[in-house]
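First comes the structure, then the notes that go with it.
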Amino acid sequence: MVSECHTRKGNDTMTGTSLIEMARPVMKKLTDVLMALAGAALMVMMAATLIDVIARNLGFAIVGVYEISELLMVPTIYFGLPYVQRTGGHAEVDLFFKMIPQRPGHVITILCNLAALGYYYLMITKCFQRAVYVIQRAERSALLAVPTWVLYAIICLGAGLAFLVIIMDTFDILKGLVQKKPAA
């Protein structure tokens with residue numbers, strides 16, 4: 001039960017529900033900041049490409065623009081991921097959910113969330129292992145010599161926050177299922 005999960009803080013008892021509610025504004029702020037960074041990365045990528053196209057038409061090329069674009073794709077995707085998860089912006093087929101009752105729909109959503117959590121867990125652990133490996137080998141990008149561990153850290157951060165958002169969403173669904181009694 002949700003109420004059994006609690007910790008002591010002074011004389012107050014904090015339930016799992018209140019911990020999630022305390023984390024919610026922090027998570028919102030973090031996902032908003034990361035989304036702004038994702039947007040900034042996208043803008044830099046577009047500006048660099050535009051400047052390179054203009055420069056090529058004038059007869060010279062800017063070294064490293066293609067690699068900059070490749071490197072900036074990582075924060076564009078993974079910094080945006082937690083925000084999209086939090087706001088429900090992922091593409092989904094809702095035709096199926098319109099045809100089934102709400103309660104079974106919530107159960108299916110919980111099962112999908114558990115599958116997503118498993119996927120994110122694997123992604124985070126593999127990216128962390130890879131980051132450690134590339135740090136030990138001091139790997140860098142080909143042209144601009146950017147340390148590649150930074151990219152793996154970005155993936156871990158974005159996927160980790162998306163993981164936490166899914167946990168919060170699943171908790172909210174479970175809380176709603178426990179509180180609502182089925183119609184007799």
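The values are calculated or read from the model by the stated rules, or taken from the named source; none is laboratory data. Only a predicted model underlies this, so the values are computations on that prediction, with no experimental measurement involved. Neighbour counts run over all protein chains shown; Cβ positions are idealised from the backbone, glycine included. Heads up: the accessible areas ignore ligands, DNA and RNA and are worked out on the full protein's heavy atoms, side chains in. Shrake-Rupley method; radii C 1.70, N 1.55, O 1.52, S 1.80 Å.
For the reader, a short list of remarks on this structure follows.
- Residue count for region 132-164, restricted to those that are within 18 Å of the chain's Cα centre (by Cα) and open to solvent by less than 60 Å² (accessible area, probe 1.4 Å): 13.
- Set side by side, the residues 138, 115 differ, and just one is among the small types (Gly, Ala, Ser), out of contact with any Gly (no Cβ under 7 Å at 6 or more places or on another chain) and either more than 23 Å from residue 85 (Cβ to Cβ) or modelled with pLDDT under 95 (or both), which is 138.
- Members of region 84-99 that are modelled with pLDDT under 90 and open to solvent by less than 70 Å² (accessible area, probe 1.4 Å): 88, 89
- Checking each residue of region 30-45 against the condition of being of a type in the set (Val, Ile, Thr), at pLDDT 95 or above and exposed (fewer than 15 other Cβ atoms within 10 Å of the Cβ) gives at least one match.
- Single condition residue 18 does not satisfy, out of (1) modelled with pLDDT under 95; (2) open to solvent by less than 70 Å² (accessible area, probe 1.4 Å); (3) within 19 Å of the chain's Cα centre (by Cα): (3)
- Residue within region 56-67 that is under 24 Å from the mean Cα position of the chain (by Cα), under 30 Å from residue 166 (Cα atoms) and open to solvent by less than 70 Å² (accessible area, probe 1.4 Å) present: no
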